Structures are given as C-alpha cells and as structure tokens.
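What follows is a single structure, written as structure tokens, with notes after it.
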Amino acid sequence: MAKPRGTDGSLLASLPWTLAALALAILPHVQYLPIWITVAFITCSAWRYLIEQRRMLLPPTWFRALLALTCFLGVLITYSSVSGVGPGSALLAIMAALKLLETRKRRDQFVLLFISIFLVMSSLLREQYLWSLPYLMVAVLLIMTAWLRMSATQTESAARSFKTSGRLVLY
C-alpha cells in the first residue's frame, strides 16, 4: 500500500507557529549563511504553507532526496567541509527547511521544533554575549508556545499558550 502524499489540512492551525519558531531560530545564523540557504528556507516555508492551505500533494520522495543531495553538495562546495560551526549550522538550517517538505503529522512538527532548539543553541557557538540572552528567552518562549499550540484545543487562546510557556520558561 502506497503512503499518502497529500495533506488533510490538520496542521494548518499549528503550522504558522512552527514556521515562526523555525524562522526565529534561523535568524541569528542568517548573517553567516550563504544567501541561497536563506532563500531556500523562505521558499520551502512558503511552499509548505501553501501545500497545507490548499491540501496539495507533498513533493515526491525522489525529488526531496535530490534536493537534499543538492543542498548537501552546496554546503560542501560553499564551505569546503561539512564539519565546524559554519557548515554545521548551514546543514542544520537547510535540512530544517527541507524537513518542512515532508511534514505530514504533528510528530514531524515536533521534530522541527527540536531542530529549532538546536538552531537556537548553536547560535551560542558563535557568540555568547549578554545581549544574546533576550533573544534566547524569546526564541525558547516562542518554540514552547508552538509546542503548546500543536496540542491546543480550538477554544484555547494563543494568549493562554503564551502564559503557560512563560511560566515554563521561568521555571
């Protein structure tokens, strides 16, 4: 039996939160990333949102594999390596963008939010200034809110999720 390639629209309410968390996690890396990775992230994000909104088919496996191989080679050519802070952050960012194109269930969104946490923490590998603290707090708050929004009922407000996230961050 073939795996379903389309979406049922069930992620439409939580997908914007996941996209916002990913975007905020990638933000401190943008100045160090090649422009093509930033463009690829924006393109994959917009494409994934349209797929969910219009309940279109996800890209086929062979296409996603080709994209992943091309992006891996792009990072290898750009940095002449795949190890280190720069290439590692670039690979993490581009693979998060490509992971968007295969998200079918909430479980996949949880993986994206874990990747967001890694991206936020990897920003500390470059700089550990005191003024990074507000960014870290806001990013973790938004990621936790995205987690809560995925399991929220239709009647639960975003404000309540923010309050709960704020309490969890303070703990």
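The values are calculated or read from the model by the stated rules, or taken from the named source; none is laboratory data. These numbers were taken from a predicted model, which means no experiment stands behind them. Each accessible area value is taken on the protein alone, full model and side chains, heavy atoms only, with ligands, DNA and RNA left out. Shrake-Rupley method; radii C 1.70, N 1.55, O 1.52, S 1.80 Å.
In this entry, the stretch 49-171 is assigned a mean projected area of 9.5 nm², taken as a quarter of its C-alpha convex hull surface. Note on surface exposure: R104, R167, R149 rank R167, R104, R149 by accessible area, highest first, 1.4 Å probe.
Annotation: extensible slack from A65 through A46 equals 4.9 nm (criterion: 0.36 nm per residue apart, minus Cα-Cα distance).
Helical content alone sets the calculated 222 nm signal of the chain at -23000 deg cm²/dmol, taking -39,500 (n - 2.57) per DSSP H segment of four or more residues and averaging over every residue.
Annotation for the stretch 5-82 versus the stretch 118-171: alpha-carbon center distance of 21 Å. When the chain is treated as a Gaussian network with alpha carbon springs shorter than 10 Å, the biggest mean-square fluctuation among F41, F114, F63 belongs to F63. Ordered by 1.4 Å accessible area with all protein chains kept, W36, W147 run largest first as W36, W147. Using C-alpha pairs under 8 Å with a sequence gap of at least 6, the mean separation divided by the residue count of the chain gives a relative contact order of 30 percent.
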